[in-house]
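Read-outs throughout are calculated quantities, based only on the coordinates presented, and are distinct from any laboratory measurement. Here the structure is a predicted model, which means the values were calculated and not measured. Note that we place each Cβ from the backbone using ideal geometry, even for glycine, and neighbour counts take in every protein chain shown.
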Amino acid sequence: LEARLEQAAMLKRVVDAIKDLVQDCNFDCNDSGIALQAMDNSHVALVSMMLKSESFSPFRCDRNIALGINLTSLTKVLRAAQGDDILTLKAEDAPDVVNLTFESPESDRLSEYDIKLMDIDQEHLGIPDTEYAATITLPSSEFSRITRDLSALSESVAIECTKEGVKFTCTGDIGNGSVSLRQHTNVENDAKSVDISLTEPVALTFSLKYLVNFCKAAGLSDRVRLCLSNEVPLLVEYGLSNNSYLRFYLAPKIGD
Amino acid sequence: NPGQGNIMSFFGKK
């Protein structure tokens, strides 16, 4: 494997966004790119990352390899990279280590690290293709704000989407709260728009602790997409350039 | 964690 990223910031942010949710992960490398799928310890949430080969330049992967990496270790090494450094990942066939180099675009500084790999016996889950009943695309900062504000009151949030819009409601010991958003087009700045596409009304309840955690990815993208259907996991997607993505799935709370 | 669904009951093992 040899994969060169123009900006180390992308990998730094991805790892930062998932490291509190999942610890030891296989980075599955093949000629289409680098993928990661992992559940949190309590099997409530699933992280699915895809960094397409087009996000790297150049990208070369001659044989499929799984790089088992501890994300705490990777975080320690990535801390040594500046956001605008050029980052190159390298691994041999049947590797013991993954090699990372960080090159400063402005100076002749080159740093190089090896991280020991681990054997991780990870189960891959089959994520079915789903036609979601409701898809909401909103500013990622807005979604972060809603989850943060409501998590101060309650452990869980009900998300209801109807043709009127989407409503986030919570009930806690000190009282209750809600935030409603309507479809809204911002003509000055499309990134601030709220798009709602609905085929049938949905109402689901989720743990806010996980949603707050997912929002650590907000720095990766101005926009976030929420996909919901009744009685299936919520999909929270942060799109990256070149069709790469970071997706989180969250199992709903089960009704009384 | 009562009332919390498990992701594996929605997405089967590959």
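Note on A:V97 and A:M118: their simple-model spin labels are 1.8 nm apart, each label 7 Å out from Cα toward Cβ. Ordering A:Y238, A:Y245 by the number of other Cβ atoms within 10 Å of each residue's own Cβ, fewest first, gives A:Y245, A:Y238.
Please go through segment A:171-256 and write out the GluC sites (Glu not before Pro) that DSSP classes as loop and that have at most 10 other C-beta atoms within 10 Å. Listed in order of number, the matching sites are A:E188. A Förster distance of 41 Å, applied to the separation of the beta-carbon atoms of A:V212 and A:L110, puts the FRET efficiency at 0.60.
In segment A:153-256, taking the dipole from charged Cβ atoms about the Cα centre, the farthest positive-side position among A:S180, A:A251, A:Y238 is held by A:Y238. Adding -39500 (n - 2.57) for every DSSP H run of four residues or longer, then dividing by how many residues chain A holds, sets the calculated 222 nm ellipticity at -4500 deg cm²/dmol. In this simple spin-label approximation, A:N30 and A:L153 carry label points 7 Å from Cα along the Cα→Cβ vector, and these lie 4.6 nm apart. FRET efficiency for A:D190 and A:E231, Cβ-Cβ distance as r, R0 = 41 Å, nearest 0.05? So the FRET efficiency works out to roughly 0.80. Pairs from the list A:K90/B:K14; A:K12/A:K52; A:K19/A:K209; A:K19/A:K192; A:K209/A:K253; A:K167/A:K253 with a Cα-Cα gap above 20 Å: A:K90/B:K14; A:K19/A:K192.
Relative contact order for chain A: 20 percent, from Cα pairs under 8 Å spaced at least 6 residues apart, divided by residue count. Applying 0.36 nm per residue to the separation of A:R4 and A:D222 and subtracting their alpha-carbon distance, the gain on full extension is 76.1 nm.
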